[in-house]
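Undergrad: Before I ask anything, here is the structure I am working with.
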Amino acid sequence: MRPSVAAMDIRRDLVGLLPKLRRFAVTMTGDTADADELVQNVCQRGIAKIHQWSSDIRLDSWLYTIARHQWIDESRRHKMRRGSAKGGALEHGELAAQMNPVESSESHQIVISLPEGLASVFLLVDAEGHTYKQAAEILGIPQSTVATRLASARLKLATMGRSRSPRKF
């Protein structure tokens, strides 16, 4: 059976979105191996469910939403199998060793070290350029929560930057 035109288009578009999807996945999982697996699952699900996508919604927003739902489902299954929550993210050095040079940059590590929820909001709004409304829809939270989390992320990053700055005043 030959793939539909829509499926062929999403495959082409997915290639361009892979770096963004991976960064978003890392902000949720805190682990590059889990992030890679999540991205693979999102791509498969996106291709399989392309008929559910509406062209009024940005493709990346739709895929981010799939990623969030997929991660929540996987986290729940993992907790049920183990009977307890998954261990925390990798230690700073372990994470850097697994990431590619762009992702092992100090700034990337700082962003993913933000508390849960803050990194995803920061990435979507400040790095990817989504509106508060789009980020709220992707993450399934109210816009006011996006604003609060973004302010917290920016404040935390500013504080971290000040404490790391080699400049003397």
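Laboratory data are not the source of any read-out in this text; all were calculated from the coordinates shown. Computed from a predicted model, the values in this text were never measured in an experiment. Cβ sites come from the backbone with ideal geometry, for glycine too, and all protein chains shown count toward neighbours.
Undergrad: If I model a spin label at Leu18 and Glu37 as a point 7 Å from the Cα along the Cα→Cβ vector, what separation in nanometres do I get?
TA: So the label points at Leu18 and Glu37 sit 2.0 nm apart.
Undergrad: Give me the distance between the Cα centres of region 31-63 and region 105-150, rounded to whole Å.
TA: 18 Å
Undergrad: Something else about it: In region 9-33, whose amide N lies under 15 Å from the spot 7 Å out along Cα-to-Cβ of Ala127? List them in ranges.
TA: Counting backbone N atoms under 15 Å from the label point, the list is 17-33.
Undergrad: Tally Lys and Arg at +1 and Asp and Glu at -1 over the other residues with C-beta under 13 Å from the C-beta of Glu137: what net charge comes out?
TA: Summing Lys and Arg as +1 and Asp and Glu as -1 gives +1.
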